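Chemist: This is the structure, below, for whatever I ask next.
The values are calculated or read from the model by the stated rules, or taken from the named source; none is laboratory data. Just so we're clear, the structure is a prediction, and the values are computed from it rather than from any experiment. Positions of Cβ are backbone-derived with ideal geometry, glycine not excepted, and every protein chain shown enters the neighbour counts. Protein only, heavy atoms only, side chains kept; ligands, DNA and RNA dropped before computing areas. Shrake-Rupley method; radii C 1.70, N 1.55, O 1.52, S 1.80 Å.
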2 protein chains.
Amino acid sequence: MATSRTPRIDPLTLEVVELIGTVVTRYYDEYEQAAGKHTLTGAQARVLGLLSIEPMPMRRIAQKLKCEPSNVTGIVDRLEARGLVERRPDPADRRVKLAAPTELGARTARELRDGLDDFAREPLGELSRDERVALRDLLRRMLGAG
Amino acid sequence: MATSRTPRIDPLTLEVVELIGTVVTRYYDEYEQAAGKHTLTGAQARVLGLLSIEPMPMRRIAQKLKCEPSNVTGIVDRLEARGLVERRPDPADRRVKLAAPTELGARTARELRDGLDDFAREPLGELSRDERVALRDLLRRMLGAG
DNA sequence: TATTGTTATACTCTATAACTATA
DNA sequence: TATAGTTATAGAGTATAACAATA
């Protein structure tokens, strides 16, 4: 009997998917490595990065991380224990705790962000300015306007 | 005092880095989601995917995953407990155990791989064939010959 | 009643160190 | 003696369920 299978994707698309997979691995590894240089885990670095843009309630961090709110408690606990983050009361709603980076946390987040420049320099450094424009436009289209 | 700072990257490169970050997040989420549909963790899905290409010693799995060999024991244990993977002796070296997918494991890996096609269809589906060729060439150059 | 954050629990992944059986 | 795989241990992230304080 002929089983109804998902049509195989063409070789071109397959190669692009594989290339993207390589980029994903490389990006992820560099991120973890940059975090590790500050003795931070990936999750901690992500939360610190989020808060450095804008302080936010614990609940919202969980939404951003796509994880359960109960997990955020521990991650912020560890960041707070290291003096990188602090919990502030929300004047508007006393149930809410706003997590915000300390001075040290803000500095660490900045250094972490600079670490990502390594990624920008290395693989992206292979491309000329025109090529980067082309890549930007393709990625923009791919991810849909936004 | 003028602090010697890492030179800031230009806006264009920054945007490309951010776009790649978005792709990375999306790719990762889809991978975890595809794994979850088979009640597999990301690590388990990655190992199963590796072995479906080629059976290999435990040690080599650890190298591929960039983790300690001791971790692989547990991951393969769980895959084996579910009948997706089996450990075979290596005729050439009795210290070595070759991990290989079972029939069920091979089928699961295939379905998992098809799940990645979702990624190929969605964001990549936005691009025409010519655009995909352009993206492929840019990624190839970026990742260096490859 | 509903919501925010937390605690308690259990599972997985991770690294480190010590062990075993081979080589 | 060196290597492959394992075990033991501890820390971190994750989900689920139940709880206190507040809305």
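Chemist: Quickly run through region A:91-108 and pick out the residues that are within 15 Å of DNA strand D (Cβ to nearest atom) and open to solvent by less than 30 Å² (accessible area, probe 1.4 Å).
Modeler: Matches in region A:91-108: A:ALA99, A:GLY105, A:THR108.
Chemist: Could I ask something else about it? If I go through region B:40-71 residue by residue, how many of them are away from DNA strand D (no atom under 11 Å from the Cβ), open to solvent by less than 20 Å² (accessible area, probe 1.4 Å) and either closer than 17 Å to B:ASP93 by Cβ or not in a helix (DSSP H, G or I) (or both)?
Modeler: Counting residues in region B:40-71 that are away from DNA strand D (no atom under 11 Å from the Cβ), open to solvent by less than 20 Å² (accessible area, probe 1.4 Å) and either closer than 17 Å to B:ASP93 by Cβ or not in a helix (DSSP H, G or I) (or both) gives 1.
Chemist: If you scan region A:72-90, which residues turn out to be more than 10 Å from DNA strand D (Cβ to nearest atom), of a type in the set (D, E, K, R) and surrounded by 12 or more Cβ atoms within 10 Å (Cβ to Cβ)?
Modeler: Restricting attention to region A:72-90, the residues satisfying the condition of being more than 10 Å from DNA strand D (Cβ to nearest atom) are A:80, A:83-88.
Okay, now just the ones that are also of a type in the set (D, E, K, R), so A:80, A:86-88.
Of everything in region A:72-90, those that are more than 10 Å from DNA strand D (Cβ to nearest atom), of a type in the set (D, E, K, R) and surrounded by 12 or more Cβ atoms within 10 Å (Cβ to Cβ) turn out to be A:GLU80, A:GLU86, A:ARG87.
Chemist: If the requirement is being modelled with pLDDT under 95, not polar (S, T, N, Q) and not in a helix (DSSP H, G or I), which of these qualifies: A:ARG87, A:ARG5, A:ARG26? Step through it out loud before you land on a result.
Modeler: On the way: A:ARG87 fails: modelled with pLDDT under 95; A:ARG26 fails: not in a helix (DSSP H, G or I).
Checking each option against the conditions leaves just A:ARG5.
Chemist: Only one of (1) more than 23 Å from A:GLY21 (Cα to Cα); (2) within 11 Å of DNA strand C (Cβ to nearest atom); (3) hydroxyl-bearing (Ser, Thr, Tyr) is not met by B:THR102, so which one is it?
Modeler: The single condition B:THR102 does not satisfy is (2).
Residues are listed down the side, and each one gets a yes or a no for (1) aromatic (Phe, Trp, Tyr); (2) within 11 Å of chain B (Cβ to nearest Cβ); (3) at positive phi:
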position	(1), (2), (3)
A:VAL85	no, no, no
A:ARG110	no, yes, no
A:ASP114	no, yes, no
A:GLY125	no, yes, no
A:ASP130	no, yes, no
A:VAL133	no, yes, no
A:GLY144	no, yes, yes
